[in-house]
Amino acid sequence: MAEPLPISAVVLSHDEAANLPRCLRALRDCAEVVVVDDGSADDSPRVAAECGARVVVHPFVSFADQRNWALDEAGLQNDWVLHLDADEVATPELLAEIRRRLPALATGAVGYLARQVMLGEKWLRFSADYPVYVPRLVHRRGARYAMRGHGETLAAAPAAAVYFDAPLRHYNFSKGWAEWRARHLRYAAAEAARLRAGGAGGSLRALGSRDRAARRAAARALSYRLPGRPLLRFLYAYVLRLGFLDGAAGWRFCRAMADYERMIDAELRKPPPDGK
């Protein structure tokens, strides 16, 4: 039997009783699994404990705050930490790659994982722009997170960005389309607030960066200068990125992402909260 993978896996949870078993079962070879729960009203803490995780409770402020709190206050037992959401699943291939590459990682390095968006059990290989890399493997004394719109990024550039080939699966629609829409309405409000605060600055130079995450952020920022973004987002994903090869799932996903751009535009048309 192989030795446990010497990492602490941290899983964020809020009313995730349905998703946690799939997420936590995939982490059974990790030396430590910690679920950071935001006072769930369902059975998430019980389900997590039954799956062998240690459960800690901390009120959710943001994804970045929750992950940073876990790094600093959750009493993690290992130096390297794999950050997940409850609707994500670390594939066996990813964990094997982490085991193989972990000894060579420096404290200041950050592991970027290729996230596969799933619609049901269908991998949206083309329409979801795979691979999109997210910074999720960090040293406990290394990188910290900061928010950018509704999602988190690194607070500072890492000493080294290490890209993993094996995927992290994201079951983004696991709670149904109504929940997806409600969640993306919140995301759109956060993105609009970021844009009003001047967070859409992008440059053509950044498009040529060697850092993949920087290139993607720059492209996103520059897209806000274009008219008809919802249609452009659909055409980019469905035609340019060959989303039609994902079949009916790709069609539905591309339309949903165009709708998300409309949500952002609608939020931007609203008067700012401070009336300015």
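The values are calculated or read from the model by the stated rules, or taken from the named source; none is laboratory data. Please read these numbers as outputs of a predicted model, since none were measured by experiment. Cβ placement follows ideal geometry from the backbone for every residue including glycine, while neighbour counts extend to all protein chains displayed. Protein only, heavy atoms only, side chains kept; ligands, DNA and RNA dropped before computing areas. Shrake-Rupley method; radii C 1.70, N 1.55, O 1.52, S 1.80 Å.
A compact table of results
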| read-out | value |
| --- | --- |
| Exposure ranking of 164, 63 by accessible area [1.4 Å probe, largest first] | 63, 164 |
| From the C-alpha gyration tensor of the stretch 113-201, square roots of 5λ in Å | 23, 21, 11 |
| Candidates per chymotrypsin sites (Phe, Trp or Tyr not before Pro) in the stretch 96-152, loop by DSSP, up to 16 other Cβ within 10 Å | none |
| Student exercise, the chain dipole from Lys, Arg, Asp, Glu Cβ charges, in Debye to nearest 20 | 1300 |
| Amide H partners (placed H, <5 Å) of residue 35, local residues excluded | 11, 54, 55, 56 |
| Most positive-pole-ward Cα, 71, 61, 34, against dipole of the stretch 20-81 from beta carbon charges | 34 |
| Value at 222 nm in deg cm²/dmol, rounded to 500, when DSSP H runs of n ≥ 4 in the chain each add -39,500 (n - 2.57) | -11000 deg cm²/dmol |
| 13 Å beta-carbon shell around residue 87, net charge (K/R +1, D/E -1) | 0 |
| Alpha-carbon radius of gyration plus Dmax, which is the widest Cα pair, for the chain in Å | 18.8, 63 |
| Solvent-accessible surface (1.4 angstrom probe) belonging to residue 242, in square angstrom, nearest 10 | 70 |
| Farthest positive-ward along the chain dipole, Cα basis, beta-carbon charges - from 127, 172, 162 | 127 |
| Antiparallel %, DSSP beta bridges [both residues in the chain], to 5 | 40 |
| Span from the the stretch 136-182 Cα centroid across to the the stretch 42-104 one, whole angstrom | 12 |
| Probe 1.4 Å, all protein chains present, accessible-area order of 16, 50, largest first | 50, 16 |
| Size of charge dipole - the stretch 136-201 - debye, nearest 20, with Cβ of Lys, Arg +1 and Asp, Glu -1, no other charges | 200 |
